[in-house]
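The values are calculated or read from the model by the stated rules, or taken from the named source; none is laboratory data. What you see is a predicted model, and the numbers here were worked out from it, not measured in a lab. Don't worry about glycine lacking a Cβ; one is built from the backbone with ideal geometry, like all the others, and counts go over all protein chains shown.
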Amino acid sequence: MKAIVIDDEPAHVRGIIRHVDWEGFGFEKPEGFTDAVEALEFIKQTAVDVVITDIKMPEIDGLELVQRINKEGMSVDIIIVSGYDDFPYAQEAIRLGVCAYLLKPLKTEELEECLETIRDKRLKKSLTDSKKNTAGDDSNEKKVYHPSIKKVIQYVNENYSNDLTIRGLAEIFNMNPDYLSALFKKETEINLNGYINATRLHAAHRLLEETDCRINEVAYQVGFSTPGYFAEQFRAFYGYTPSEVRKKG
């Protein structure tokens with residue numbers, strides 16, 4: 001996922017970027033902005049999942065920024081970090097639909113807890129959407145997609161066992177990673193990472209039903225780096241565990 005940090009104090013931006021374990025929570029290293037106007041333009045042009053913003057800034061304050069993002073209809077989770085422990089600010093932020101209202105000095109563990117909640121929510125939605133939109137057959141190939149997205153889908157279907165990332169796929173197809181991510185979501189209505197996951201899980205289900213491979217071996221064969229993560233994703237996707245597939249067989 002992609003996050004950005006906005007604060008008119010450069011030290012605050014650098015501190016948040018430096019002290020959070022972004023990769024551990026499924027994020028790229030975020031972009032930092034000290035100008036909310038510049039940040040808003042970036043959000044309009046780039047697929048951003050999470051915005052972490054100060055509330056008091058020149059030109060556009062945090063609450064106005066939230067209003068403008070909402071007006072654009074963008075699917076962005078917003079965390080406000082403020083030095084103002086005033087109920088009216090927090091009340092308005094909640095009314096506008098922000099995920100959290102955190103106070104300065106910011107505690108890293110509080111922000112990471114918010115990021116973990118957002119990650120889990122988005123993962124669950126991505127898996128649910130993927131399950132609805134990937135039937136486990138060739139139905140997705142029958143739909144009319146943008147030519148580049150059609151090639152990406154075919155590539156994922158044929159290479160899901162490899163280490164696939166959005167950045168890596170973008171390099172293969174000579175596309176900007178953010179543009180590829182946004183275009184894939186627009187064309188298919190699911191996230192590219194969600195599609196990769198769903199493709200792997202469908203393949204895993206077939207292997208569990210049709211072969212005697214160990215569950216750990218199945219996990220590695222379809223492209224998961226650890227059996228534990230595979231089991232977690234499988235259960236979230238299907239509602240039952242890989243072991244239960246074997247028992248049914």
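The table below lists the values:
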| item | result |
| --- | --- |
| Residue list for the range 76-110, restricted to those being among the charged types (D, E, K, R), part of a helix (DSSP H, G or I) and out of contact with any helix residue (DSSP H, G or I) (no Cβ under 8 Å at 6 or more places or on another chain) | R95, E109, E110 |
| Considering residues of the range 38-58 that are in a loop (DSSP other than H, G, I, E, B), touching a residue at least 60 places away in the same chain (Cβ under 8 Å) and not small (G, A, S) only, the residue farthest from Y179 (Cα to Cα) | D49 |
| Boolean, F224 is modelled with pLDDT of 85 or more and among the aromatic types (F, W, Y) | yes |
| Some residue of the range 24-37 being hydroxyl-bearing (S, T, Y), touching a residue at least 12 places away in the same chain (Cβ under 8 Å) and within 22 Å of R122 (Cβ to Cβ) | no |
| Qualifying residue in the range 195-208 (condition: surrounded by fewer than 21 Cβ atoms within 10 Å (Cβ to Cβ) and at pLDDT below 90) | no |
| Only one of I6, I52 that is buried (at least 22 other Cβ atoms within 10 Å of the Cβ), within 16 Å of the chain's Cα centre (by Cα) and modelled with pLDDT of 90 or more | I52 |
| Options F230, F184; residue that is surrounded by 16 or more Cβ atoms within 10 Å (Cβ to Cβ) and modelled with pLDDT of 90 or more | F230 |
| Extreme residue, farthest from Q233 (Cα to Cα), among residues of the range 101-110 that are of a type outside the set (D, E, K, R), touching an Asp or Glu at 6+ places or on another chain (Cβ under 9 Å) and surrounded by fewer than 16 Cβ atoms within 10 Å (Cβ to Cβ) | L103 |
| Filter result (surrounded by fewer than 20 Cβ atoms within 10 Å (Cβ to Cβ), assigned to a helix (DSSP H, G or I) and without any contact (Cβ under 8 Å) to a residue 60 or more places away in the chain) within the range 209-226 | E209, E210, I215, N216, E217, Y220 |
| Members of the range 1-24 that are under 21 Å from I69 (Cβ atoms) and assigned to a helix (DSSP H, G or I) | H12, V13, I16, I17 |
| Checking K248 against (1) over 23 Å from K121 (Cα atoms); (2) modelled with pLDDT of 90 or more, the condition it does not meet | (2) |
| Count of the range 111-152 residues which are of a type outside the set (G, A, S), surrounded by fewer than 16 Cβ atoms within 10 Å (Cβ to Cβ), at pLDDT below 70 and in a helix (DSSP H, G or I) | 4 |
| Selection within the range 179-208 - part of a helix (DSSP H, G or I) and more than 20 Å from G168 (Cα to Cα) | L201, H202, A203, A204, H205, R206, L207, L208 |
| Hits in the range 88-100 - residues which are surrounded by 13 or more Cβ atoms within 10 Å (Cβ to Cβ) and within 21 Å of the chain's Cα centre (by Cα) | V98, C99, A100 |
| Verdict on A198 being over 20 Å from K125 (Cα atoms), touching a residue at least 24 places away in the same chain (Cβ under 8 Å) and not acidic (D, E) | no |
| Test for T211: is it polar (S, T, N, Q) and under 17 Å from the mean Cα position of the chain (by Cα) | no |
| Any hit, the range 59-75, residues being at pLDDT below 90 and assigned to a strand (DSSP E or B) | no |
| Members of the range 62-87 that are crowded, with 16+ Cβ neighbours inside 10 Å and of a type in the set (D, E) | D77 |
